[in-house]
Structure formats: C-alpha cells, structure tokens
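Here's the structure, in structure tokens; my notes come after.
The values are calculated or read from the model by the stated rules, or taken from the named source; none is laboratory data. No experiment lies behind these values; they were computed from the predicted model shown. No Cβ is skipped: glycine too gets one built from the backbone with ideal geometry, and neighbour counts run over all protein chains shown. SASA here: full protein model, heavy atoms, side chains in, ligands and nucleic acids out. Shrake-Rupley method; radii C 1.70, N 1.55, O 1.52, S 1.80 Å.
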Amino acid sequence: MSSISLLVSQAFLRTYNYLRDDQLTNGTPSSLQIEADALRNFQKFYHINETGNLDEKTYEMMNLPRCGRPDVEKDTTVSARKRRYTATKGYKWPNKDLKWRLDGSYKIHSLNEILRSAFKLWSDSSSLNFTEVTNPAVDVEIVMDFVRGDHGDGSNFDGRNGVLAHAFFPSPDDIGGDVHFDKDEQFTHERASGINLLQVATHELGHSLGLGHSSTSGAVMAPYYSGYDPSFKLHNDDIAGIRSLYGEDDRPSEEVCHDNVKTVFRTSDGSTYIATETHVFRRVGRSVTGPFVIGDIFDGLPTNLDAAMYYSVNKKTYIFKGSQYWRLTNRDIDQGYPKPISEEFQGIPDNVSAAFVWSGNNRVYFIKGSKYYRYSMKARRVDSGYPRDMSVWRGLPDGVDTAFQYSNRRTYFFFGSKYYRFNDRGLRVDRSYPRSTAKWWLGCNAVGSLLEGDSSADVSKPSCASLLLSMLFVLVAVTFQA
C-alpha cells in the first residue's frame, strides 16, 4: 500500500476508535505493534483474515459507504463492572412511548412514509411505540434532519459515498437521539441505484434507541451499507438487542433464533450456553430458553467472546476474549479474574477462535485460524510440535467459529449457521453433517423434532459391534497425532 493509503488507514482507525488516544504519538500509532493490533481488531470485527497488515481487502472495507458512529464506543466514565455490548451499548430511553419529528427536507418521493416504515420495524419487534409530531414547539425525543458538511455537532459529513448518516444515543441533552443524514448522498426508495433511505434510517434509529454497531453479518446494525435489499427487515441480532433494552412484544422469545453462533460452552450445573455476540440461549436437556443478555446471566463477563471450554477435572468453565481469560464456577466469575492468557496458558496466542477438551485423549485444544494447539493442563504449556494445521481434522471447513465437547462427550464444531459433529472414533466429521444450528440446538422452526444429543442413538446400550469398534478406537487414538 502507498504512504497515502497508510495515512488514510490510520485516520480511519482513529476515527472509529480502533486506536485510542493513549496509543498515539503526534496523531500516529506509537508503534508498529499497536497499529497491527488495531488492524487485527478491525479485521476481526468484519470477519476479514486477521493479518494485522493493511491488505487490499482491509483497505477496500475501510472505504465502503457506512455510518459515521464509531465501531468501538469511548466511555471512560463507566465503572469496570458496567456491562458493555457489541450490539447493545446500555443507553436507553426511560420511557417506551417516544415522539419524533422531521426537520428539514430531502427531494424523495414519500419521505415521511419511508421514515415511518423505519420506526415501525423497531416497534413491531419490541414494546416501543412511536408518535410522529409536526409542531416544532412540542418536545420530542428524536429529531431527524438532512444536512451537509459541517453542521455544528462536531461530526462533519464528507460528501457522496462516504459517511451516509450518524445518530446520537439517548440522553437528556438536546441532541440525544437525533439522526442526521448527509444531504449530499443520493438517497433512493425501492430501487437498486443510489443509497436506500429506509435501510439507512432503520440503522440510525437503532443508535437513537440505544444500540451500537454489531459485527454480526447481515445485521441492520452492522456499520456498512451493504446494498439495496428488497426484502429488508431486522436481523435476529437486532431484535434481540432492542428487546434486551425495552422488552418484547407479544411474540414468544423462541422466535428470536440466531443463525450465527459465537461461542458454545457448558457450566458445572449441566447447562449448555449458546452465545451470539451479545446474548446467550440456555439449554438444559431438550429445553431451550432465551435469549438473555450475556451480562445478565454472567455478571461481569464482556460480550463478543472469542472462545470457551468446560474442564471437567476441576469443574471450571474458562472464557477467552482477546488477551484475557475468565474462570467461572458455574455462572460466577472466580475472584481475581480476568487474567492474561499468557499467565495460565503459556504458548497459546491471543484472540483464539475455539477451545475444547477432545474425548479422544482428554487433552485441551485451542484453534486460531488454520492452526490448532494441543495444551497440557498439568504441564501448563503447549505440547511439543504444535501448532499444527487444521487439515488433520477431516471434513471441517476452514476457519471454524467455535467448538466444544457436549455432555455426550462428542465434539461439535460451529461454522456460520451450520455445525459439524466430529466422529472421535472415525477421526472425521459424521455423515449427514453439517446441520442447522438454529434448528437442532435452539429448536427453531422444528416443532416436534429432537434436539442434538438427545436422540436414542446417543444413549442406547452398546452392541457387540460397537464394543469392538470402541476397542479399535482406543488403539487408533493412541497413534492419532491431533
């Protein structure tokens, strides 16, 4: 990349808070490592290969049309125990009946109707109610306006195809909740050309209601404009986020089913938790409840977790994020945590994508990208000869999102909206996989079907043939170099 591209990249990382003020010297990153870490965090948020380098894909993503709010919110006034969310930032209106008004104008057919539709998407999925007001003398929570360039709020617009709009979180300040659209943009309605106003307005209203940016692909609250969508609607992640702030409508919570799983883990009471970036579903046997905000179930845990595992030897659950890990006794964080990963898990890199105990040898495994590490809990170090290539685990896709050992001692790998059950005896993915995570683990759109792990085949008594296979498995597992 050219020197100009590097300067543009640094400015972007500063603007959207991937670089903090204390990491800068004269406006530039204080070290190459700080800049590389900032790039990795950006790449992780957008599911780009985490190289830490300003490659073509990363630079291209930085230059797409987007929302002007930062991806990482600065808030130095909150306590360390205040819960923070990727999709839900914790700002909310004290009441659920909100008023809004449009100031200014924009030449587009049915402008007010488009904005009403954006409000309706949020009210249909929550307990919120919105009232449109035209009298400028009436106090309203949300004011919408079309402006250009420097418009007096400290966040200037940059002309066409840059920052499309921005909005402010709920607050008692006059500007709290307000939405500003860049009037230089070519906003359109129900056509592929230009920038679809309904989609942008719905995103910005999410901020006005208290939602931050989401790293979930396909979520309305993702920062970038992804093109015209004729069947546009809220993503499950958006619905879970707004309901966590204001509650549900009359529909049962089971309808909020997520396609993408971030982390799956067990706790000592026998529960299994299936986590998205901001929420968890709790599964006990065949019963699934949720979604719940992560911090409401695990007080003190952050959101957007990297990996987790349950270690049955000490009955502890380990949660990993970035360079830190938390140790839990059931749902409670043990005293003195979080701690640096390097302190307990020597040789394991930061930002791992999966952690699990494999039933083939009861050793702990970590995955990061295309590599995996075998770790000895007794020796507290990575075993000699690791990391190794993930191709050893036959039948899995590249870059799994997470993995865990279920109570049936089988290992499950998750990727996108699908999951894979690994045959620890055959040393490959079982037949008939991958399957739908939402259907088999959360029970979504599968009335009357059994959830994974509860079928009689998993708990039936072993036949003579299976006993013979078990004996053979022991011999194979000894030589399998996983």
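Considered as a group, the residues in the stretch 17-37 that are part of a helix (DSSP H, G or I) and hydrophobic (A, V, I, L, M, F, W, C) include one that is surrounded by the fewest Cβ atoms within 10 Å (Cβ to Cβ), and that residue is Leu32.
Taking the residues in the stretch 386-430 that are small (Gly, Ala, Ser) and open to solvent by 30 Å² or more (accessible area, probe 1.4 Å) as candidates, determine which candidate is modelled with the lowest pLDDT. Within the stretch 386-430, the match that is modelled with the lowest pLDDT is Gly426. Residues in the stretch 290-303 that are out of contact with any strand residue (DSSP E or B) (no Cβ under 7 Å at 6 or more places or on another chain), more than 15 Å from Thr267 (Cβ to Cβ) and assigned to a loop (DSSP other than H, G, I, E, B): Thr303 only.
Filtering Arg14, Arg40 for residues that are in contact (Cβ under 8 Å) with a residue 60 or more places away in the chain, surrounded by 18 or more Cβ atoms within 10 Å (Cβ to Cβ) and part of a helix (DSSP H, G or I) leaves a single hit, Arg40.
Within the stretch 115-133, the set of residues being farther than 16 Å from Glu204 by Cβ and polar (S, T, N, Q) comprises Ser125, Ser126, Ser127, Asn129, Thr131. Under the condition of being open to solvent by 30 Å² or more (accessible area, probe 1.4 Å) and more than 20 Å from Ala275 (Cβ to Cβ), the residues counted in the stretch 357-385 number 15.
Taking the stretch 118-193 and the strands (runs of 3 or more DSSP E) fully enclosed by it, the elements with 1 or more residues that are open to solvent by 20 Å² or more (accessible area, probe 1.4 Å), modelled with pLDDT of 90 or more and more than 21 Å from Gly68 (Cα to Cα) are at 129-132. Among residues of the stretch 409-426 being in contact with a strand residue (DSSP E or B) (Cβ under 8 Å, 6 or more places away or on another chain) and free of Cβ contacts under 8 Å to residues at least 60 places away in the same chain, the one that is farthest from Lys262 (Cα to Cα) is Asn423. Given the criterion modelled with pLDDT of 90 or more, among the polar types (S, T, N, Q), open to solvent by less than 70 Å² (accessible area, probe 1.4 Å) and in a loop (DSSP other than H, G, I, E, B), identify the matching residue among Asn53, Asn95. After ruling out the rest, the residue left standing is Asn95. Out of all the residues in the stretch 140-156, is one or more touching a helix residue (DSSP H, G or I) at 6+ places or on another chain (Cβ under 6 Å) and under 19 Å from Lys96 (Cβ atoms)? So far as the stretch 140-156 goes, yes, one or more of its residues are touching a helix residue (DSSP H, G or I) at 6+ places or on another chain (Cβ under 6 Å) and under 19 Å from Lys96 (Cβ atoms).
Thr303 meets all of the listed conditions (1) among the β-branched types (Val, Ile, Thr); (2) modelled with pLDDT of 90 or more; (3) crowded, with 21+ Cβ neighbours inside 10 Å but one, namely (2). Filtered by the rule that a residue be touching a His at 6+ places or on another chain (Cβ under 6 Å) and among the hydrophobic types (A, V, I, L, M, F, W, C), the stretch 222-242 gives a lone residue, Ala240.
Give the stretch 273-289 a look and list any residue that's touching a strand residue (DSSP E or B) at 6+ places or on another chain (Cβ under 8 Å) and within 25 Å of Lys44 (Cβ to Cβ), or say none. Answer for the stretch 273-289, where residues must be touching a strand residue (DSSP E or B) at 6+ places or on another chain (Cβ under 8 Å) and within 25 Å of Lys44 (Cβ to Cβ): Tyr273, Ile274, Ala275, Thr276, Thr278, His279, Val280, Phe281. Would you say His213 is within 28 Å of Gly149 (Cβ to Cβ) and crowded, with 24+ Cβ neighbours inside 10 Å? Yes: the conditions hold for His213. Residues of the stretch 251-270 that are open to solvent by less than 30 Å² (accessible area, probe 1.4 Å), modelled with pLDDT under 90, in a loop (DSSP other than H, G, I, E, B) and farther than 14 Å from Phe414 by Cβ: Val256, Cys257. Filtering Ile108, Ile114 for residues that are among the β-branched types (Val, Ile, Thr), in a loop (DSSP other than H, G, I, E, B), in contact with a helix residue (DSSP H, G or I) (Cβ under 7 Å, 6 or more places away or on another chain) and at pLDDT 90 or above leaves a single hit, Ile108.
The residue of the stretch 271-288 that is farthest from the chain's Cα centre (by Cα), among those that are under 14 Å from Gly241 (Cα atoms) and part of a strand (DSSP E or B), is Phe281. Filter the stretch 194-237 for residues that are charged (D, E, K, R) and not in a loop (DSSP other than H, G, I, E, B); which is nearest to Tyr18 (Cα to Cα)? It comes out as Glu204.
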